[in-house]
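Following: one structure in structure tokens, then a few remarks.
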């Protein structure tokens, strides 16, 4: 799976599951933590989705504000684990 | 006895025992004491004097603890600011208490140090952006001038959500804090061999126990980094690896560890006491914890920030037919507590009333407002007195809610939403409790902004736990016949939304 495909799926997941489903220009640089799109609980949801959809088990040590700040950082971290 | 004495006394008694551990490593009492002295000297060099307020806008770390100590050692008052708070809200807090210095990373500090805060000296922790950098501390040696402060001086100010939209600064004196710390340390039987955890953020009063109970007995406290606070596996690993003996957190965190982190399946846990506070622990989940940790002492503590902890209850066996949360207990910290019914009389056994508190742990007052004096503090919490003398929490009088233990005044969220140019009416309700608690905004708006935009708008004004989780648009908000917002109707609509 390419980076672009992964980004696309994650973006769709965030818009439909963590937001109201309205496509509002969420992109790979939208601050997910700072804007409260991801919070301490939905992080767990995102990590589960990642494991189910991409088969990537995100280690706890990678659940950091730097890796979760936006989709760009998250995918970069995932790429290191594929 | 002043709070800063706890570390210096322990540093004399057992200088080589470990005092504090964060992601960067561990310091002994001797090392922490020396770092606190250097920080005190640095703050003096920045111009901080007795009674001045020092804002600490740092992530949870040994560094932040050293600054708290440094401030108190020169008689100053520390103000921990939520590291997740947006610049606008942090600046509101810093202006409100007219800070005399700020300790923060340079990039974080820059957006707030203008206007009224333009001249405030900065100790920059990560760079040389301020009047002083953390690396300059190495050049400062020796103890600061001993302060001749009294126990009635303020030790710190904790800002909580305010119903009118502006946070309120709860002023805690050394006497207030020590009344609680002394009681709490005795209640759990704190001793030098204990390894405490610090789960709560420093602007949240649960952290006062973690730090000062440890320092008082010469024990060790390990800091949970912010980003792991609700990652169940990481929390359980932390308890195992740090061999934590006393763990204190909101029930939400404990429930996550039990349900999703397999806390109860761990072998060889060093835990001997688990304390929770901040919100009711649902009885079903508490029963699992009780049964899963049969030899661990469990405590339910209660108290708004304004009272530290004013009641406590030790959870022993839980009756199999109990269906409501365990009591919040009876008076703690040397306080007196009682409940007053609507007719003004003291509630008797079986009756409900608002819980009132007076005594040494009741805060001096709010910053910038008249002091509490000898008036009892009215908690706004409705309780019922059981026949065994223990109080049971029943509910709130007003629109304050808890989100994972954090106090949220719905009025503060509503005020922020109304600042959005498209929003004409706003009301916020909560759905779910504890770990599942969510904030739902009902909005009337000319144009209906998408959720992402509403979240962004909130994020610029409110701390993260106050950002709304979802939005429902209505033509107009339901009103009662006398024109007041009909919150009951909104709660019913909320149930419908959740059912969808």
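Since every read-out is calculated from the coordinates, none of them should be taken as a lab result. A quick note: this is a predicted structure, and the numbers were derived from the prediction, not measured. Here Cβ is always computed from backbone atoms with ideal geometry, including for glycine, and neighbour counts include all displayed protein chains.
Data for the structure
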| quantity | calculated |
| --- | --- |
| Cα convex hull volume per residue for the stretch B:177-223 (Å³) | 58 |
| Dimensionless Rg over Rh [the stretch B:353-500; C-alpha; Kirkwood] | 1.03 |
| Pair-distance profile P(r), taking every C-alpha pair of chain B, with 10 angstrom steps and integer % | 4, 19, 29, 28, 16, 5, 0 |
| The stretch B:7-89, relative contact order [Cα under 8 Å, separation at least 6], % | 27 |
| Fraction of beta bridges assigned by DSSP in the protein assembly as shown that are antiparallel (%, nearest 5) | 60 |
| Mean-position separation - Cα centroids, the stretch B:188-265 and the stretch A:43-79, in angstrom | 25 |
| Euclidean distance of C-alpha centroids, the stretch B:1-80 and the stretch B:394-456, integer Å | 37 |
| Rounded, prolate or oblate (a/c below 1.5 giving rounded, otherwise prolate when a/b exceeds b/c) for the stretch B:368-416 by Cα gyration tensor | oblate |
| The stretch B:408-467 shape via C-alpha gyration tensor axes, a/c threshold 1.5 | prolate |
| Cα gyration tensor, the protein assembly as shown - rounded (a/c under 1.5), prolate or oblate | rounded |
| Computed Kirkwood radius, in angstrom, where 1/r is averaged over Cα pairs of the stretch B:229-325 | 13.8 |
| Percentage of interatomic Cα-Cα distances in the stretch B:300-426 larger than 25 Å | 34 |
| As computed over the stretch B:80-156, the Cα convex hull volume per residue (Å³) | 118 |
| Neighbour-count ranking [beta-carbon atoms within 10 angstrom, fewest first] of B:171, B:241, B:310 | B:241, B:171, B:310 |
| Exposure proxy ranking, count of Cβ atoms within 10 Å, fewest first, for B:342, B:96 | B:342, B:96 |
| Exposure proxy ranking, count of Cβ atoms within 10 Å, fewest first, for B:57, B:134, B:338 | B:338, B:134, B:57 |
